[in-house]
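A short write-up of the structure that comes next.
The values are calculated or read from the model by the stated rules, or taken from the named source; none is laboratory data. Computed from a predicted structure; not experimentally measured. Please note: Cβ atoms are built from the backbone with ideal geometry, for glycine as well, and neighbour counts cover all protein chains shown. Note: areas computed on protein heavy atoms with side chains; ligands, DNA, RNA excluded. Shrake-Rupley method; radii C 1.70, N 1.55, O 1.52, S 1.80 Å.
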Protein chains: 4
Amino acid sequence: MNSTMALRIAVFGENRHEKVDQRVQEIYPDGMHTVIAEGLRTLLAADGVEAEVRIALLDDIEESLSEEALAETDVLTWWGHMAHEDVPDHIVERVVRRVHEGMGLVPLHSAHYSKPFKALMGTTCNLLWRNDGEEERVWTVSGSHPIARGVPHPIVVPEQEMYGEMFDIPAPDELVFISSFAGGEVFRSGAVFRRGKGKVFYFSPGDQEYPVYRQADIQRVLANAVTWARPEDRPAAPVTITNAQRDWFRADDPEGATRVI
Amino acid sequence: MNSTMALRIAVFGENRHEKVDQRVQEIYPDGMHTVIAEGLRTLLAADGVEAEVRIALLDDIEESLSEEALAETDVLTWWGHMAHEDVPDHIVERVVRRVHEGMGLVPLHSAHYSKPFKALMGTTCNLLWRNDGEEERVWTVSGSHPIARGVPHPIVVPEQEMYGEMFDIPAPDELVFISSFAGGEVFRSGAVFRRGKGKVFYFSPGDQEYPVYRQADIQRVLANAVTWARPEDRPAAPVTITNAQRDWFRADDPEGATRVI
Amino acid sequence: MNSTMALRIAVFGENRHEKVDQRVQEIYPDGMHTVIAEGLRTLLAADGVEAEVRIALLDDIEESLSEEALAETDVLTWWGHMAHEDVPDHIVERVVRRVHEGMGLVPLHSAHYSKPFKALMGTTCNLLWRNDGEEERVWTVSGSHPIARGVPHPIVVPEQEMYGEMFDIPAPDELVFISSFAGGEVFRSGAVFRRGKGKVFYFSPGDQEYPVYRQADIQRVLANAVTWARPEDRPAAPVTITNAQRDWFRADDPEGATRVI
Amino acid sequence: MNSTMALRIAVFGENRHEKVDQRVQEIYPDGMHTVIAEGLRTLLAADGVEAEVRIALLDDIEESLSEEALAETDVLTWWGHMAHEDVPDHIVERVVRRVHEGMGLVPLHSAHYSKPFKALMGTTCNLLWRNDGEEERVWTVSGSHPIARGVPHPIVVPEQEMYGEMFDIPAPDELVFISSFAGGEVFRSGAVFRRGKGKVFYFSPGDQEYPVYRQADIQRVLANAVTWARPEDRPAAPVTITNAQRDWFRADDPEGATRVI
């Protein structure tokens, strides 16, 4: 995309724990999605990145992630946990196709188990976990990565659910963060995957029972991530299967040379 | 697996073109699967690798890729083209799960579009193609890879269908071969992917209309690939999702320390 | 670096063939470096990227790549061939250190054999070659990479020196382009490597005997590459070796949490 | 190499701390190298791998790592710390060249700073450290890797020197282990790098002040590593730079097709 155009972000929130779990209501009275969206707005403005941040909820998913809505979404962040199964398969296919077309996807925390992420990974995405309010330290392991820009080394999250290895994902294309927990486990907590023309960044800090998304350094990572994940300036279509005649790429038709990608 | 145990290989063949296409019948009167299996038997014996090679056909897929049959399969090679859709989804899920458990998978040529490969990749697996009987040269680009052992640089396939980039796959964990074609296209023709506890090697030479699988160097690559793809000596189960108590890995129970992987 | 600051680029040219080889003089009467620099100025301006492009020649290398000059260089492009040995080792060490600190490096064509590139790779960087004026086709193999933005698939270079595999480099962190040549060879012609805090993009099209750097699509790749390779907003120092006391990252001193990277 | 030939291993030991440091003398009265070598002999015999394990010391480095000695070495393990500078540069070049030719290299612990490893990486290899006798837990993160075969998840080292991120290495070709320490740091403690025709496995557990190499699980990793790192069956020469005539690979001369790799 043209870097002078506004970055169009959709913050998908399952918004279920917020309705049924008092502890979550106290931490996030307006939902996690509200805090995530507000953090993005504030930090992207500070970065000088023109951005439009909208919220997409499971309750209105047919509209908020409709074909038309996704066609105008550059980056989609995704938080889900207890209601992964309530996301209709046709919407999962749509989200996956949009990633193939170039849309960025930022699955958060328990979205390791969301349908779109699992479909894009091809693995079980299983892991080890324990909800015991442990300190998490998020260490940067890529010295040149834009997603780690401006965050301390490590980011310390005072209380968190533990996610631990073995995390059953493909080897990330780039590993940005590794976390350790007070109990001793480690986790590949920030991982880049490229799929088709789209970029995926999985980021694990952020359980609903702790105010992780209120933490400035975590918001910094999310702002970096959506900026990084924005589509490049390419046609928004998946790579196609094409029967190409000999010498097609030397044809006079200027379309000839650019039809594939 | 213990390297002293026999390597149990299943050669899956769609066996459709062989029934309906005279040209294919002439090249492969007993089916491509027969030539592939025989090449594996001969070369693995020459390598001193004890192996059992069986054939699994689409016509008997409920038996040949049954739960029991796959449980006793170390590496599965897969050739399919015109009948991808005839592979039942429950068998696709079974094959994918077995890869997660450790089974090796070697998708061949048009199996870039087979259901198991697409499910493991998470991309469209689209590509460029042209059936024009062109010379293909298969170049080794990994100087230390066992799958390229003993093959000339390049392997020259006199006549082949062209497969060209963009090939819409995730970046391979290891890129072993790149092909060029007489028409000028290139293709990542030998690519390694690790998924769960299993290893996947996609190898593109081998269209049904040319006697590619009768070529000694191609048979050499297949024999190298199945040897490389055999499961490591691990429990045959996917990585599990586990709720782990604090200090579980310091517990006296010797099972404690090994329960995850 | 702050994306609102000017991108400071140095175009290093060996400028030897231009002095002694009539054919090169005819193609590049003011040197290859001049054409490369002018292409960058024009295209970055068109992209809206504020940039300062200076030329650094081997003849004035003590000044043009002095400590002070490199400290104010964000990205260094490097063309060398017949005089690799004339680059003093202390300047090689300086360039390598600056890459570790975050400076981008874009080695071009025969700079696969330049001292800084070899030092950063740790391999022989050997390859196959033939100067026979062959058509080269540069294929994009990464659907989401910014360096391939806006170029046709493939870029066709009408006449070029052939560079072929095996190219003895580490597996690239990201493979962006693969070339084929009329003679049948292939080459990983666009490859990303991250070293320390710096980014390296090797790009092979560009022999001195053909007007490759006058080609618009090649200039597009170079402009994309220097934009991509610019340093992130980090302290310009290599990762340090540090003896850290327990709990250092929980210390009150705000410097504590950020001293490592 | 032919898997039926004996695996020829050299265990390089600096053997300096053992002479001057009483604590090290008590843990390793015959030197770390002796314990490492004995562990390899025992476990490889149990694995049914025919192996010859010799010791190479800094004191006799001109003989033990002579051209002739290295020519008959398949895998070299390397432990060094206080005397990195005493390794002559011509021997460093020899070791690096042998890796390019196919020899395996297994740098251990403080050998992250050894000359051969740094030359092969192209980075500073800096890291964070603290010698405070902390528990280290070594977690497997690659579900299919042979180097992790048969070890618990995690391996617990009761007391160790801490090595922490940022570890300034290139992104590993395969990441096998990540460690956490009691103090909270993490480290990429088991990492695969391919260079030329050779394989490198860096493994960090093993400080001289703790009996780490006496631990069965650590010995298991080392035995797995040397088996994995053995050369493939290829000519023992680096990839060469070659001027190739058109159609060289179609020449009748059977040498033609195999001269490059």
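Okay, here's what the table says:
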| item | result |
| --- | --- |
| Check on residue B:57, farther than 20 Å from residue B:210 by Cβ and of a type in the set (A, V, I, L, M) | yes |
| Scan of region D:109-143 for residues that are touching a residue at least 12 places away in the same chain (Cβ under 8 Å), within 25 Å of residue A:180 (Cβ to Cβ) and in a loop (DSSP other than H, G, I, E, B), ordered by number | D:123, D:124, D:125, D:126, D:127, D:141, D:142 |
| Restricting region B:114-137 to residues that are at the interface with another protein chain (Cβ under 10 Å from one of its Cβ atoms) and basic (Lys, Arg), the residue that is farthest from the chain's Cα centre (by Cα) | B:130 |
| Of all residues making up region C:186-224, the number that are of a type in the set (A, V, I, L, M) and either in contact with a His (Cβ under 7 Å, 6 or more places away or on another chain) or open to solvent by 10 Å² or more (accessible area, probe 1.4 Å) (or both) | 2 |
| Matching residues in region C:163-180 - criterion: being within 8 Å of another protein chain (Cβ to nearest Cβ) and either open to solvent by less than 10 Å² (accessible area, probe 1.4 Å) or outside any loop (DSSP other than H, G, I, E, B) (or both) | C:164, C:165, C:166, C:167, C:168, C:170, C:174, C:175, C:178, C:179, C:180 |
| Residue within region D:82-92 that is closer than 15 Å to residue D:202 by Cβ and open to solvent by less than 20 Å² (accessible area, probe 1.4 Å) present | no |
| Every residue from region B:143-152 that is of a type in the set (A, V, I, L, M, F, W, C) and either within 7 Å of chain A (Cβ to nearest Cβ) or surrounded by 23 or more Cβ atoms within 10 Å (Cβ to Cβ) (or both) | B:147, B:148 |
| Among (1) surrounded by fewer than 21 Cβ atoms within 10 Å (Cβ to Cβ); (2) at pLDDT 95 or above; (3) away from chain A (no Cβ under 11 Å), the one test that residue B:235 misses | (2) |
| Single condition residue D:45 does not satisfy, out of (1) within 17 Å of the chain's Cα centre (by Cα); (2) under 20 Å from residue D:147 (Cβ atoms); (3) not in a loop (DSSP other than H, G, I, E, B) | (1) |
| Among (1) under 20 Å from the mean Cα position of the chain (by Cα); (2) within 23 Å of residue B:82 (Cα to Cα); (3) of a type outside the set (Val, Ile, Thr), the one test that residue B:51 misses | (2) |
| One residue from B:40, B:7, B:105 being crowded, with 18+ Cβ neighbours inside 10 Å and either closer than 23 Å to residue B:211 by Cβ or of a type in the set (Val, Ile, Thr) (or both) | B:40 |
| Test: residue in region D:54-67 that is in contact (Cβ under 8 Å) with a residue 12 or more places away in the chain, assigned to a loop (DSSP other than H, G, I, E, B) and farther than 30 Å from residue B:5 by Cβ | yes |
| Evaluation of residue C:77 against (1) touching a residue at least 12 places away in the same chain (Cβ under 8 Å); (2) assigned to a loop (DSSP other than H, G, I, E, B) (one fails), failing number | (2) |
| Hey, residue D:111 more than 30 Å from residue B:104 (Cα to Cα) and more than 9 Å from chain C (Cβ to nearest Cβ) or not | yes |
| In region D:87-108, the residues that are touching a residue at least 60 places away in the same chain (Cβ under 8 Å) and either assigned to a loop (DSSP other than H, G, I, E, B) or away from every other protein chain (no Cβ under 14 Å) (or both) | D:102, D:103, D:106, D:108 |
| Residue list for region B:242-254, filter: at pLDDT 90 or above and open to solvent by 50 Å² or more (accessible area, probe 1.4 Å) | B:243, B:245, B:246, B:247 |
| Those residues of region D:36-49 which are over 13 Å from residue D:11 (Cβ atoms) and within 13 Å of chain B (Cβ to nearest Cβ), in sequence order | D:46, D:47, D:48, D:49 |
| Sole exception among (1) within 14 Å of chain B (Cβ to nearest Cβ); (2) of a type in the set (Ser, Thr, Tyr); (3) closer than 25 Å to residue B:171 by Cβ for residue A:140, by number | (1) |
| Any hit, region D:181-194, residues being among the charged types (D, E, K, R), under 14 Å from the mean Cα position of the chain (by Cα) and within 14 Å of chain C (Cβ to nearest Cβ) | yes |
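Yes/no per residue for (1) closer than 30 Å to residue C:161 by Cα; (2) in contact (Cβ under 8 Å) with a residue 24 or more places away in the chain; (3) in a helix (DSSP H, G or I):
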{"site": "D:192", "(1), (2), (3)": "no, yes, no"}
{"site": "D:202", "(1), (2), (3)": "no, yes, no"}
{"site": "D:206", "(1), (2), (3)": "no, yes, no"}
{"site": "D:219", "(1), (2), (3)": "no, yes, yes"}
{"site": "D:226", "(1), (2), (3)": "no, yes, yes"}
{"site": "D:239", "(1), (2), (3)": "yes, yes, no"}
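Each row is one residue, and each column tells you yes or no for (1) over 30 Å from residue C:250 (Cβ atoms); (2) open to solvent by 20 Å² or more (accessible area, probe 1.4 Å).
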{"site": "A:67", "(1), (2)": "yes, yes"}
{"site": "A:71", "(1), (2)": "yes, yes"}
{"site": "A:80", "(1), (2)": "yes, no"}
{"site": "A:115", "(1), (2)": "yes, yes"}
{"site": "A:119", "(1), (2)": "yes, yes"}
{"site": "A:129", "(1), (2)": "no, yes"}
{"site": "A:136", "(1), (2)": "no, no"}
{"site": "A:154", "(1), (2)": "no, no"}
